[in-house]
Amino acid sequence: MWGLFTFSKIMSSRKEESLAEIISEDFLQCGICLEDFKSPKTLACLHTFCHDCLKAFHAKCSDQTVATCPTCRDETPLKDCDIQSLKDNFVLSNLQNVVSWMASNVPGKPSVCDNCEADGQRETAVVRCNDCDENLCGQCYKAHSRMKLTKNHKVDHLSGQDLATEKKVIAPTAGRAGGQLDSTTFDRFKEFKCESHSESVKLFCIKCEVPICLICYATEHTNHNCLNWKDAVEQECQKVRGILTEMAKKTDDAKSSLQAVNEDMQQLEARMNDVVTNIGNKRIAFYSLVDHYANSQINKVRETLKGEIKQLDMKRNEISDGIEISQQELKMAEHVLREGSDGEKVALKKKLREKIQALEDIKGGVEVGQQSTRVQFQPGILTEGTIESLFGRVYLSKPKPPQSENNEAIDTLTTVAANVVETRQPMVSMSTPVRIEPPTPPPKKPGGKSPLMVIETRTPSDNHACNITGLALLQNDNIVIADSANSVVKLFAHEGYILKEMRKSHELLSPYSIAIAQDDRILVTDGGNIKATLSSAMRSNVVLDCKVQALGGIALHPVTGNVYVTDRQRSNIYVCDVRERKIIRALTEAGHLKSRGCTYLAINSNNQLVVSFPVSGVVQVFTLIPQVSLLGTYGPVGFSPGGLCIDRENNVIVADMNANRVVVLSPTVQIMKSVLLTQEDGIERPQVVALDKQGRLLVGEERSGKVKIFPYEKP
């Protein structure tokens, strides 16, 4: 539509020019030489240029394997680095012939005989040979009609006069005089001309896939299988129709794919905007809550101390006035001693004693700093874990690709939030173990303890610094850690080198804590919002959907086999039956948990549950049999408990993260029995602890990503 509109505008604005001149000037000129096309070649971008112009331009290019378009800089691959391999533009070539014919038949402008013009003469042409594409005068036409090779050529009468020849001249067709075109004119120019011999194309070489004339067949394609040109055109048209049908189908498929992509993009953008909006709303609410709480604490301090400050201010003014009066009396007394009479000097003693008593009365027997209220601010525990439990976290997961029909059945559970993933350690397929030698223990500081071993848990496969949130030991004392930063569970030998890694391929998104069953099954809490898919080939794999947001610690009851897990966000503890894949009960719903932010937990030999609450800064013990009840609490100011474990006497070993120490509490956690390790021993942000059968204490650090092993000294 645009092309017709543009062409009509050109015609309306240039009526004084002939159609042939307009077409030749606007459509048949090379963009390089600005002259009429000579052997036009078409590039992949559909721009057309003269063969020689393209060849000269291509010679200046650095990459000879492609032809660069001078107009749009698009690249077209070349066969053998030859411009000749580009496709000829037969449409433009034929259009040039049409324009040439039209130019020779303009009313009032006689045509010149091409043969005579070649000899330097200008004779008026009376006919045009359609096969030779030449204008002929009367004499040349007579010779043309006698020659055996040309006597059967089709000719058109140009001047309208009859020729007295034995050969009948074809009369001009109505509507074709004066350079005007009809369908027969275009039919005449549809015939291809051989580029090598300027003869009409008669055959199609099947081997070379090119149209050829009879001379080409006799000289270059003698032994090649060829088809009649019209038959070849029909066959090629059928193939083109098939390709067009396939292209139409592919186009419809592409449209469907485009629609699906647009829908997916819109849905993803909508989900993204919803999540961003929710995070923004949560941030505003979080800021508002923090501001409200901070203001309440500030007002509490101000209201409590305002009265005392006012009283102290009055007392300060009274004392200041007394001091000023006393200083004046001292000056007066010194003057009396120097200049006064004997009577004044004797009376001075009594006055000075009265002033001393006045100063004592002003002081009022108050000891400075003893009666004022003591005030201090104890900062809460502010770590990434506590922020996550209070604010929330974004979980990202991708759906697994569809399985083939030959694969075994897939057991799929779509979870709303976190899952407990149970897998048998021996069945995990791993790559060849990479041995990481433990570094030399750091030199012992004065008064500090030296670690027996330091394990660097980061491996070449990790993308981030390790964050050890889970630590447990197999029956052979091999070490299992959960690295939530890299979404991996790692297995180390007790000598310190790595054996295996269980990464995202095992359906782990963000492993947090670990527990070991008696048969060395590894139980992992996964804090991620995931779609868990476990194939039946790994039949020991079990997924338990707890429908919570952030699972934390995990412990296995040695008698019942039930699994206890914490919900860090909701401050809840769930009792789960892994075999039945269900939650039996929640301790919070039963009204047993009062503290906030439960994270790690352990069960001692007395069937008592020990839980750490980093947000509340306490460790609590609960009895489980015959009913759940609170047995003891430990939580001094500044206490920030993390991971914990139980020794053989049921003492509780706790990582005190903010204080950079490891402490031992009594079985009822009502008293602290000893401080095992401190910062002087090289402890930095201890997060998890564990005891092995050799009597060694393992400490996993949050920031360094190291596991430090010390001898355990019983309190």
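Laid out as a table, the results:
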{"read-out": "For region 490-496, 3J(HN,Hα) per residue [Karplus equation, 6.51 cos²θ - 1.76 cosθ + 1.60, θ = phi - 60°, Hz, x = Gly/Pro]", "value": "10, 10, 10, 5, 5, 7, x"}
{"read-out": "Computed Kirkwood radius, in angstrom, where 1/r is averaged over Cα pairs of region 250-363", "value": "22.2"}
{"read-out": "Estimated inter-spin distance, V210 and R648, nm [label 7 Å along Cα→Cβ]", "value": "9.5"}
{"read-out": "Extension gain from D321 to I584, taking 0.36 nm per residue of separation minus the Cα-Cα distance", "value": "87.3 nm"}
{"read-out": "Placed amide H near L471: partners under 5 Å, 5+ positions off or other chain", "value": "A482, I514"}
{"read-out": "Karplus-derived 3J(HN,Hα), 6.51/-1.76/1.60, for each residue of region 621-634, Hz, glycine and proline x", "value": "10, 10, 7, 10, 10, x, 9, 7, 8, 6, 9, x, 9, 10"}
{"read-out": "Compactness index (Cα Rg / 2.2 N^0.38 Å), region 581-706", "value": "1.05"}
{"read-out": "Label point distance in nm, Q311-N281, each placed 7 Å from Cα along Cα→Cβ", "value": "4.9"}
{"read-out": "Region 187-257: equivalent-ellipsoid semi-axes (sqrt of 5 x gyration tensor eigenvalues, Cα, Å)", "value": "32, 14, 10"}
{"read-out": "5 angstrom amide H check on V112, placed H, neighbours 5+ away", "value": "A125"}
{"read-out": "3J(HN,Hα) from dihedral phi, region 658-674, Karplus parametrisation 6.51/-1.76/1.60, rounded to Hz, x for glycine, proline", "value": "5, 7, 6, 8, 10, 10, 10, 9, 5, x, 8, 6, 8, 9, 9, 7, 6"}
{"read-out": "Interchain or long-range residues, amide H under 5 Å from E134's placed H", "value": "C129"}
{"read-out": "Cα Rg over Rh - region 673-715, Kirkwood", "value": "0.95"}
{"read-out": "Unsatisfied cross-links (Cα-Cα over 23 Å) in the set K41/K255; K282/K547; K38/K87; K60/K87; K500/K693", "value": "K41/K255"}
{"read-out": "Computed FRET value (nearest 0.05) for F27 with Q235, which takes r as the C-beta separation and R₀ as 25 Å", "value": "0.20"}
{"read-out": "Label-to-label distance, nm, for residues given as K331 and A358 (7 Å Cα→Cβ offset)", "value": "1.5"}
{"read-out": "Gain on full stretching of the segment that runs from V261 to Q475 - 0.36 nm per residue minus C-alpha separation", "value": "71.9 nm"}
{"read-out": "Calculated FRET efficiency for the pair A118/K154, C-beta based, R₀ 25 Å, to 0.05", "value": "0.70"}
{"read-out": "Semi-axis lengths (Å, descending) of the ellipsoid that matches the C-alpha gyration tensor of region 296-336", "value": "39, 6, 4"}
{"read-out": "Efficiency of FRET between M147 and I243 - r from beta-carbon atoms, R0 35 angstrom, step 0.05", "value": "0.20"}
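Read-outs: derived from the displayed coordinates by stated rules, not from any lab. The structure displayed is predicted, hence computed values, not measured ones. Neighbour counts are summed over all protein chains in view; Cβ atoms, including those assigned to glycine, are modelled from backbone coordinates with ideal geometry.
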